[in-house]
2 protein chains.
Amino acid sequence: MNLGRAAERLGITEERLQGLQETLIKRSSWPEPRLLRFEKTASGIEAGTVIFENGEIVYGYQKIRRALMLGPAIKRHFSGIVAVEEKMNGHNVRVTSVDGSIIALTRGGFICPYSTEVAKRLLPEAIFEEQPDLVLCGEMVGPENPYVPKDIYPTDTIDFYLFDLSRKNCKSTLGVHRTHEFAREHGIKAAALLGEFRAENAYEPVTRMVRRLGRQGREGVVMKDPENRRPPMKYTSSESNCNDLRVAFRYYNDYALDFFLSRAVREGFQSLEWRESEEERRARAKRLGESILLPMVETIQKKQSGENIVQRVQIRVKSLQTAREFEYHLRRSGMKAIFDQPEPEDDGYLVRITRLIMSTNDKTQALLEGEMW
Amino acid sequence: MNLGRAAERLGITEERLQGLQETLIKRSSWPEPRLLRFEKTASGIEAGTVIFENGEIVYGYQKIRRALMLGPAIKRHFSGIVAVEEKMNGHNVRVTSVDGSIIALTRGGFICPYSTEVAKRLLPEAIFEEQPDLVLCGEMVGPENPYVPKDIYPTDTIDFYLFDLSRKNCKSTLGVHRTHEFAREHGIKAAALLGEFRAENAYEPVTRMVRRLGRQGREGVVMKDPENRRPPMKYTSSESNCNDLRVAFRYYNDYALDFFLSRAVREGFQSLEWRESEEERRARAKRLGESILLPMVETIQKKQSGENIVQRVQIRVKSLQTAREFEYHLRRSGMKAIFDQPEPEDDGYLVRITRLIMSTNDKTQALLEGEMW
C-alpha cells in the first residue's frame, strides 16, 4: 500500500499515519479489497474513513448532531435556507466501486457482504462505470435489514435510499440539490426532500412534519444547509424515541443503558417546546413508561416460560456465498447469531437469523432464579 | 500509627497494608481523630473501614444486595427464619467513640461533623462510657438530612434509627435480636422489626409489608438471618423506586444515568412477580413514565424562566463550628454548596444550604439555547 500518497491525500504526514496504524487504524483484509479503517476519529479524519490498497480514500460519513430544543437550535445553527429531509431508520452505508467492483461500507468502515449484494442489485452499474470515484451515502431500510428491521417503508425486503453524494479522496459532499438531481437522473430512491424554508420560519413547518412522521411510525428529519456551509442537524419524533426504548428494554441488559438517558431527555425537551397541556404531557409520560416497562416484562415472562431471549431477523440473498460471508461479518462485529439452513426461493435464498441477546438472556434467567442484582 | 498492630487485626501482613496505603487506603486528618480509610474493598476488607491513630479499627458496613424476584431470592438465600426490618431512607452512619469522644462515620469512612453533632445530641453518652468498643450502625433520616431530605418520618429535623450493632476490631455484627434489645434498653430508636417468618412462608407477608410501606412513601425492607449465617438482603417498593427516579430526573444530567436502569428493571420484575393485570401494569408504566418526564420538564421550565437548578436543604446545629465544619466536609466530598448566614434559634442555628447541581444546570441552559446533544 502506498502510505505516502494516502497520507498526502489525508493531509497528514506519513509518520503520523504510520503511528496511527498501531492504535486507531485497523487493517481489514476480508472481504476483498483489503483496506485500512479509522476506528476512531483522529487528526480531524472522521471515524469510518477507509484507505484502500490502491491508495483511494473514502471518508467516514459525518456524525449528525441532534437538536433537543428545535426552535433555538435551528436559529443558532442555520442562516438562510434550511432543506428538510426525512431521516430514514436503518443502517448507514457508503456505496462505491473499487477496481471496478461495487462495495458497501458500514459506518465503521467494514465491507458488509449483505449490504454489498443489495447495493449491486439495486444500483445501476453504469453509475460507477461513468463516475468511478463516486460515493453514494444512503440508508438501507426495510424488514430484511438484519440490524434494524422495520416494517414502515414500502418494501417487503430491503431498500436503499440515497441521502448524500461524495467523491473518493474528498471530505465534502455534493449537497442536497445535486443529490436529489442525481437520484432522479439515475432512477434511484432518495430520502424524501420534505421542503425548504428560511431558517427563521422553519420551526413551525418542521415541527408539523415531525409530528406527521411520528404518527406514521417514521423516525424524523435531517436538516441541511443546501449550500453546505453548516453541517446537518437531526431531530426525531416521540414515537421513534419510544420505539427505540421498546427495543432497548426488550433487551434491557444489553442495550438499555446506552439508549435510555438520551431518549428520555429528548422527550422532556420536546414536551416543553411543544407547550403540551397537562393532559398531553401525562399521555407522553404514559407512552414513555409503557415503552420501558411492557417490553421488559414481556422479556422476563418469555424467559420464565422457558424461551430464550433472541431477536429473529431475516435476509434474502442471491448467492449462498453472501449468506456465509455475512455470517462471518456479524461474528467479526461481535454479534452472536445462528443462521438457519437457507431456504431456496425464486431468485435466491431466504435466510432466517437468530441473534442471541446473551447478557439479557443470562441475567434474566439468573434473576428469575432469585439471584441478586 | 501502629500499622503492625492494625495489620494483625485486619488479618493481613504489614507489607500488604503498607502497599494498600499508596492506592486504596486514604489518610484523613480532619476532623480529629486522624484515620486511614479504605476507599475500596481490598483483601476482603470492606470499603469504608477505618483505622484510627490509636490502632482501633471500625469495619465498613456491608453492602446489602437486592432481590429482584423476591420469592425465589428469599428461598435461595435464606433457610430457617427470616427477620424483616423496615429499610430507612437516609444516610448510613456508624457511630462510635474514640478516646472518649463520640463520632459518626459516613459510609465511605469520613467523620461527618453534622452527623457527629446529631449523634452526640441523640445518643446517651453513657453507652460508650460503659462499652467504649461499641459501634452503632444506623440511618440518619428526616427533612434535615442534607443528603436525602425526607418528610415521611416522625421528625421535623433529623433522627437516628439503629439497625445493627458491632464492635471495634470486629467484622461481624451482633444480630437482629441483640440490636433491638439494646435499643429498648437504652431508649434509642431502631428500624422497625416488622416480623419473623420461616423462609418458605416469607414471600406473602413480606410482599404485603412492601406494598403497605410503599403506600406510606416508605422505602422497603431489609431481610436478615437472626443467626447471622447469611448476609442481609433488601427489597424496595415501587413508590420508592419512582421517588428515586423523580430526584434523578430532576437533576437528569447529574444523576439519571446511574440511577435509572436498575430502578426500571426493579419495576419490571416486581410487575411480573406480582402477576399484575393489564390495567395494573399500565398504571405502573404511567407512574414510571411520570417519574421520569415530569420532574425533567419542571427542571427545564425552571431554567427557561431564568432560575438556577439547585437543591435546597437545611440543617440545624448547636454550634456554628459544626456548620463551618460541615461546609468543609461537603466540599471535600465533591459537593458544591452555598451556606446561608446561620439563623439563630432557641438552642442553636438553622442553616439553609443551596446545593448547586452544576451539570444539569449548565447542560439545560445550553440545550435551551439551541446547543446540540
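Quick check on B:Val50: is it more than 27 Å from B:Gln216 (Cα to Cα), buried (at least 16 other Cβ atoms within 10 Å of the Cβ) and either within 20 Å of the chain's Cα centre (by Cα) or outside the structural domain of B:Glu204 (by TED's automatic domain parsing) (or both)?
Against the criterion (more than 27 Å from B:Gln216 (Cα to Cα), buried (at least 16 other Cβ atoms within 10 Å of the Cβ) and either within 20 Å of the chain's Cα centre (by Cα) or outside the structural domain of B:Glu204 (by TED's automatic domain parsing) (or both)), B:Val50 qualifies.
How many of the residues making up the stretch A:182-217 are small (Gly, Ala, Ser) and either at pLDDT below 95 or under 15 Å from A:Tyr153 (Cα atoms) (or both)?
So the answer is 5.
When the stretch B:98-118 is examined, which residues are found to be surrounded by fewer than 23 Cβ atoms within 10 Å (Cβ to Cβ) and of a type outside the set (Val, Ile, Thr)?
Those that are surrounded by fewer than 23 Cβ atoms within 10 Å (Cβ to Cβ) and of a type outside the set (Val, Ile, Thr): B:Asp99, B:Gly100, B:Ser101, B:Arg107, B:Gly108, B:Phe110.
Just to be sure I understand, how many residues within the stretch B:172-191 are surrounded by fewer than 17 Cβ atoms within 10 Å (Cβ to Cβ) and either touching a Pro at 6+ places or on another chain (Cβ under 6 Å) or touching a residue at least 24 places away in the same chain (Cβ under 8 Å) (or both)?
Total meeting the criteria: 4.
Any residue at all in the stretch B:94-109 that's polar (S, T, N, Q) and touching a Cys at 6+ places or on another chain (Cβ under 7 Å)?
Checking the stretch B:94-109: at least one residue is polar (S, T, N, Q) and touching a Cys at 6+ places or on another chain (Cβ under 7 Å).
Determine whether the stretch B:218-228 contains at least one residue that is outside the structural domain of B:Met358 (by TED's automatic domain parsing), modelled with pLDDT under 95 and at negative phi.
Checked against the condition, which is being outside the structural domain of B:Met358 (by TED's automatic domain parsing), modelled with pLDDT under 95 and at negative phi, the stretch B:218-228 yields at least one hit.
Per-residue answers, yes or no, for (1) within 7 Å of another protein chain (Cβ to nearest Cβ); (2) in contact with a helix residue (DSSP H, G or I) (Cβ under 7 Å, 6 or more places away or on another chain); (3) among the aromatic types (Phe, Trp, Tyr):
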| site | (1), (2), (3) |
| --- | --- |
| B:Arg246 | no, yes, no |
| B:Asn253 | no, yes, no |
| B:Arg263 | no, yes, no |
| B:Glu273 | no, yes, no |
| B:Glu278 | no, no, no |
| B:Gly289 | yes, yes, no |
| B:Gln301 | yes, yes, no |
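Quickly run through the stretch B:165-191 and pick out the residues that are farther than 18 Å from B:Pro124 by Cβ and part of a helix (DSSP H, G or I).
Correct list: B:Val176, B:His177.
Report, by residue number, each residue of the stretch A:145-159 that is surrounded by fewer than 22 Cβ atoms within 10 Å (Cβ to Cβ) and part of a loop (DSSP other than H, G, I, E, B).
A:Tyr147, A:Val148, A:Pro149, A:Lys150, A:Asp151, A:Ile152, A:Tyr153, A:Pro154, A:Thr155, A:Asp156, A:Thr157
This table checks each residue for (1) small (Gly, Ala, Ser); (2) surrounded by 19 or more Cβ atoms within 10 Å (Cβ to Cβ); (3) away from every other protein chain (no Cβ under 14 Å).
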site	(1), (2), (3)
A:Arg331	no, no, yes
A:Glu345	no, no, yes
A:Tyr349	no, no, yes
A:Arg352	no, no, yes
A:Ile357	no, yes, yes
A:Lys363	no, yes, no
A:Ala366	yes, no, no
A:Glu369	no, no, no
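The values are calculated or read from the model by the stated rules, or taken from the named source; none is laboratory data. Since we're looking at a predicted model, the values are computed, not measured. Positions of Cβ are backbone-derived with ideal geometry, glycine not excepted, and every protein chain shown enters the neighbour counts.
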